[in-house]
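Remarks on the structure that follows.
The values are calculated or read from the model by the stated rules, or taken from the named source; none is laboratory data. The structure presented is a predicted model; accordingly, all values stated were derived computationally and were not measured. For neighbour counting, all protein chains shown are included, and Cβ atoms are generated from backbone atoms with ideal geometry for every residue, glycine included. Accessible surface areas use protein heavy atoms only, side chains included; no ligands, DNA or RNA. Shrake-Rupley method; radii C 1.70, N 1.55, O 1.52, S 1.80 Å.
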Amino acid sequence: MDKTPIIEVKDISKRFGNTQALKKVSMRVHSGEVMGLIGENGSGKSTLGSIISGNLKADEGSMLLHGEKYAPQNSFVASENGVAMIVQEQGTIETITVGANIFAGREGKFVKGGILNRRQLNIEALSLLEKIGVHDIRPEELTNNLSFEDRKLVEVARAFHREPDLFIVDETTTALPQKGREILYSLIKKIKEMGKAVIFITHDIDELIMVCDKVTILKDGSYVTELQKSEMDPSLIKSLMVGREISDEYYRSDSDYDDSKEYSPALIAKNLSTDRLKNVSLEIRNGEILGLVGLSDCGMHELGKALIGYYKDLKGSVAKANGVKITNTNVAIKEKIAYVSKDRDSESLLLSASIKNNINLPYLDSLSKFGFYITQSSENKHASFWSKKLDVKCSHISQPVLELSGGNKQKVVLAKWLGNESEIFILDCPTRGIDVGVKESIYHMLVDLKNQGKAILMISEELAEIIGMSDRILTMKDGELTHEFLRDPDLEESDIIKYMI
Amino acid sequence: MMVVNMDIKKGRIQSLFQYNKSKIAPLLGLVLLVVFFAITSKGKLLEASSIENIYNQGFPLLITSLAFVYVMATGNLDFSIGANVGFCATIACYVAFFNTKLAFPAALLTGALVGLINSLMYVFLKIPSFIACLCMMFILTAANQTLTGGGSKMVPVELLQNDYSIVRLVLLLIYIIIIVIIFHKTKVGKQLEALGISVEASIQTGVNAKLLFIVSYVVTGVAAGLAGYLMLLRVGAASPTLGSSLTIDSIIALVLGGMSILGGASSSMICAVTGSLITTVLNSGIVLAGMGGDAQQLIKGALFIIVVSISTLRESSSKNF
Amino acid sequence: MKTNILRKESILSGIKRVILTLLLPILLYLVLVLTSFEKFGKFDSFIMTINQSMVNLAIGWSMMFGISVNLFDFSVGSRLVLAGLIGVHFSQKFGLLGLILGCVVSSVLLGSITGLVFSILKVPSIITGFAVLLIFESLGVILSKNMVNAISSEHLVLAKGFNIYILIVLLFIFVYIMYNHTKFGFQIKAIGGNERVATSMGINTAKLKFLTYVLGGFLVGFATILYVSNAGTIQPKDGLGSMSIAFTPIMGVMLGMLIKSCNSVVGVFVGSWSITIIGSVMVAFGWESRLQNVIVGIFLIIVMGFQLNRDKLFKPITTKKNIQTNN
């Protein structure tokens, strides 16, 4: 047996509501090693990184750091134990200096007799920045004056200040541009030479092979295998990441693109550009389910919002087939466009409001008598009709939505839009965090809507779902549409992945 | 169809208790308060003159707190409402010297304009709403002091010739009917409530957030105009401090009436009615029971802190389940 | 150690900064001199405007820490009155020491109580401020009935002659160090910049917020001493009357924090001073001094509106109210 690993993860499991994000995953990282962690979206790789770095807590399983029991309460405790992670959620504080950011929460070491030695703090901050290979950021500078990219490097310096024994880099969320990327690579090399360890989370196979000594592959929250550097082969890794069986009856029963039907356009977007989107044009058609798939940071979620006029600084145009320009969310809803956000709890629902008020909110105009007066009975009738129709499991329509399960919450969102007589549905990850039963009923509903001639855009990170449900599939990468597929029984996930990464 | 209706009725009674606890508790509190002061004042509280006194003292608070629900529902507050009442009264007083008929519309217009400016500062200049309203409050207070010369300014006698109590009752009733219907029976109220819960989700569901924020502040402004005019008629003179306590009293009334300071789903006109009754009974009761007026503020403040901390504790304990 | 690697400010840019900082009050004072030269042309009257801003400055510094972490508390005035009453009461028994200790100790206590109520209620600080203000004002009225509220003349020395400068300079040094050269100061600036990030960086936000109340109380204690020594008497106020004590200082603080060319502690001095001069300008123009708040209020709204919209990175002070989209 070789020496004790820096970190040993044993049978870690984690659930989010009804989704099993990790199932008994184990892993060991030794000193001087760069361990890659790779898998599809939703494979649990970022969740695992977050658990090790103390940002999340595991439901089951244990961890050993240098052979001793390790269960960090939060990311701060983890970093005090020598485990650091760069996460997007942390960020920097813009109104204070770079030096103050690097040592925020740890100013104590510069205090003597109650007085904080600013000079010493700045000197140490500077030498830290130099150490990670950054030479053009000054510690006295206000963080506000730095570019986004430089701020990320300040975060790297902050994470590096205690010279962590284990450094976790989540490439899927940091989105470092080229300059930062090179600094990161050389940093990883340096850490490795110092006999410490790195966990490198990515979805870019080429990068993985270049940087890592070993790789752990995850799929649907389960451990697949561990490969040594010599075994790493792009196509092998790809097949290990994807290879899963799909139960057919779960999705639509028909399997071919029906080109005998005429699909009239419902919503036409031309040359959409924002800071995340690059010149995107697409058409959503009546009687058709359009699938949009890509990695989570490819810009597809932004595209969904852009289609309902959410962004003020959007370039390009979105128009309904009848010629009405969708310039803001208000017009979009009046034009019977429904949008279901990926972030259901904070963007699609009024959590503390009742089921009734949630369902009725967009439909209030139509419930009004004489143009303004809304009676209690008309409210109740509308809300209870649609909540019954979608079989929302609740004690009463006055029940606050926050008491419902994830699946039932999503049913309330859909009831809201069906009740508003929506004609165009833009659904961003409609089945995220929802158990199988409700998932199935949502799929059935989508087919029903399609058959009624409604237009549907389904944005999803789950390939199986996109292939199973869509008439047409668009792939997206780095803010651009890269390919269009038509429904085909022979279409494989690996065919699509090529256009995503 | 019958079955559905039965279902709704049965459920409505159930839900009345289940989801309206925060509105029923204040009603019980009000009853207890009345009983308490009826006993300690040896029945004086229930005499006709006391009840008339409560009505006379309580109506401005009822007016402003009903309107305050509009702003508080969205999670904002209007700190300028009290100063606005006094300012509108003074403007009405000045206008009445030119034309007594124009005094009332002038008060309403002034109030609405102040509310509009408040909301524009918030919505378009993006100044945090409470800072905008605080600045407005100090501007109005200072302007009002200047206009009244620091003392009181008598209204022209002609203005007082109408039968005041009938005018007041009619205006009050019209106002209450309109403001309650708009809040509970039109989309305006429901959308304001939605904004208080989540601005993001409301916008994505087609709520015109900016317009509604403006509406909410204009409503409190108009209410300040109405309250200012009616107080002017009752007192017979404009003064620098007229109505100034109404800001804090409205906030206290709504909180005592069971509404959350953060707005949202607990918003209701009932809160304003119960709350302003509690506050007014408390004010009169303390005096009638001979407890000394000095302690009035103290008791109000203490009660406020107790009620808010109970609801905070309840919320945080229910989150654990 | 490589100490010279840190950038040093050149003397020229230092001078430029000082000029930029003092631009506002100097310009305002020039207006004053132009309107009435015989009255304000003398150096004495220049010094007088500084003197007049001292009490507001001390109150302003006490509120600066709270405002840095987005705590707005209008109970300061009521706490000042109450602490003043207690201080005056003790000055009768224990002389000058009684005044100082009475004011400071009671003010620290009142500040801590407010901080405690804030952490229990979990509602916006401004609401907490109003709630305790009602109680403190009322207590002041009740207490003053059994207490003498005038201070005997031998105890007014602190506001006389050079004493006031010594006191203000000592306060300045204390506040400057607390704000710029302590862990506490560093951490409250971090919280003020972004509370969520600061918490995730391991800063104890709740504890620090409470501490700003305690420190604020300590400084209000000194402001109280100046206030009482200046006026020679302390009058209880009710019906929110004490709020006006906090208004001018708060304006000074907010104005001071907008001055980017200097440290906030100096900024608050410049802000408070500027507002005092505005008041004098109005008197010189023959306007009623009561209108001062109107002008200052409008002035502040314009400055803030400009600041907030110049760099379009608008960050709401309360996290909930974010209306960034295009309805």
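Would you check if A:Ser341 is of a type in the set (S, T, N, Q), within 30 Å of the chain's Cα centre (by Cα), at the interface with another protein chain (Cβ under 9 Å from one of its Cβ atoms) and surrounded by fewer than 16 Cβ atoms within 10 Å (Cβ to Cβ)?
Taking the combined requirement at face value, the residue does not satisfy it.
Mind checking which residues of the stretch C:89-124 are facing chain B (nearest Cβ under 10 Å) and not aliphatic (A, V, I, L, M)?
C:Lys122, C:Pro124
A:Leu414 fails exactly one of the following numbered conditions: (1) under 25 Å from A:Asp258 (Cβ atoms); (2) assigned by TED's automatic domain parsing to the domain that holds A:Arg276; (3) not aromatic (Phe, Trp, Tyr). What is the number of that condition?
(2)
For the stretch C:207-222, state whether one or more residues are within 12 Å of another protein chain (Cβ to nearest Cβ), touching a residue at least 24 places away in the same chain (Cβ under 8 Å) and in contact with a Phe, Trp or Tyr (Cβ under 9 Å, 6 or more places away or on another chain).
yes
A quick yes/no check of all residues on (1) buried (at least 21 other Cβ atoms within 10 Å of the Cβ); (2) part of a helix (DSSP H, G or I); (3) at pLDDT 90 or above:
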{"site": "C:Leu57", "(1), (2), (3)": "yes, yes, yes"}
{"site": "C:Phe65", "(1), (2), (3)": "yes, yes, yes"}
{"site": "C:Ser78", "(1), (2), (3)": "yes, yes, yes"}
{"site": "C:Gly87", "(1), (2), (3)": "yes, yes, yes"}
{"site": "C:Lys93", "(1), (2), (3)": "no, yes, no"}
{"site": "C:Ile100", "(1), (2), (3)": "no, yes, yes"}
{"site": "C:Ser107", "(1), (2), (3)": "yes, yes, yes"}
{"site": "C:Leu116", "(1), (2), (3)": "no, yes, yes"}
{"site": "C:Met147", "(1), (2), (3)": "no, no, no"}
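If I ask for residues that are more than 11 Å from the chain's Cα centre (by Cα), among the small types (Gly, Ala, Ser) and not in a loop (DSSP other than H, G, I, E, B), which ones from the stretch B:234-274 would you list?
B:Ala237, B:Ala238, B:Gly264, B:Ala265, B:Ser266
Which numbered condition in (1) under 26 Å from A:Lys305 (Cα atoms); (2) in contact (Cβ under 8 Å) with a residue 12 or more places away in the chain is the only one that A:Glu379 fails?
(1)
How many residues are among the aromatic types (Phe, Trp, Tyr) and without any contact (Cβ under 8 Å) to a residue 60 or more places away in the chain if we restrict to the stretch B:95-123?
Final tally of qualifying residues: 2.
Given the conditions (1) over 30 Å from A:Ser395 (Cβ atoms); (2) facing chain B (nearest Cβ under 7 Å); (3) open to solvent by 50 Å² or more (accessible area, probe 1.4 Å), which single one is not true for A:Tyr311?
(2)
Within the stretch A:395-413, restricting attention to residues that are more than 13 Å from chain B (Cβ to nearest Cβ) and within 21 Å of the chain's Cα centre (by Cα), which residue is modelled with the highest pLDDT?
A:Gln410
Name the residues in the stretch C:167-183 that are facing another protein chain (nearest Cβ under 10 Å) and open to solvent by less than 30 Å² (accessible area, probe 1.4 Å), would you?
C:Asn180, C:Thr182
Please tell me if A:Glu140 is open to solvent by 20 Å² or more (accessible area, probe 1.4 Å), within 11 Å of chain C (Cβ to nearest Cβ) and of a type outside the set (A, V, I, L, M, F, W, C).
Values: open to solvent by 20 Å² or more (accessible area, probe 1.4 Å): yes; within 11 Å of chain C (Cβ to nearest Cβ): yes; of a type outside the set (A, V, I, L, M, F, W, C): yes.
It is true that A:Glu140 is open to solvent by 20 Å² or more (accessible area, probe 1.4 Å), within 11 Å of chain C (Cβ to nearest Cβ) and of a type outside the set (A, V, I, L, M, F, W, C).
If B:Ala238 meets every condition in (1) in contact (Cβ under 8 Å) with a residue 24 or more places away in the chain; (2) among the aliphatic types (A, V, I, L, M); (3) within 9 Å of chain A (Cβ to nearest Cβ) apart from one, which number is that one?
(3)
I'd like the full set of residues that are over 18 Å from C:Ser78 (Cα atoms) and either assigned to a helix (DSSP H, G or I) or open to solvent by less than 20 Å² (accessible area, probe 1.4 Å) (or both), limited to the stretch C:224-260. Can you show your working first?
Step one: of the stretch C:224-260, the residues over 18 Å from C:Ser78 (Cα atoms) are C:252-260.
Those that are over 18 Å from C:Ser78 (Cα atoms) and either assigned to a helix (DSSP H, G or I) or open to solvent by less than 20 Å² (accessible area, probe 1.4 Å) (or both): C:Gly252, C:Val253, C:Met254, C:Leu255, C:Gly256, C:Met257, C:Leu258.
If B:Tyr164 satisfies all but one of (1) modelled with pLDDT under 90; (2) more than 16 Å from B:Met231 (Cβ to Cβ), what's the number of the condition it fails?
Of everything listed in (1) modelled with pLDDT under 90; (2) more than 16 Å from B:Met231 (Cβ to Cβ), B:Tyr164 misses just condition (2).
Looking for whichever is surrounded by fewer than 17 Cβ atoms within 10 Å (Cβ to Cβ) and either within 17 Å of A:Arg158 (Cβ to Cβ) or touching a Cys at 6+ places or on another chain (Cβ under 7 Å) (or both) here; the options are A:Asn81, A:Asn74, A:Asn101. Which one fits?
Checking each option against the conditions leaves just A:Asn74.
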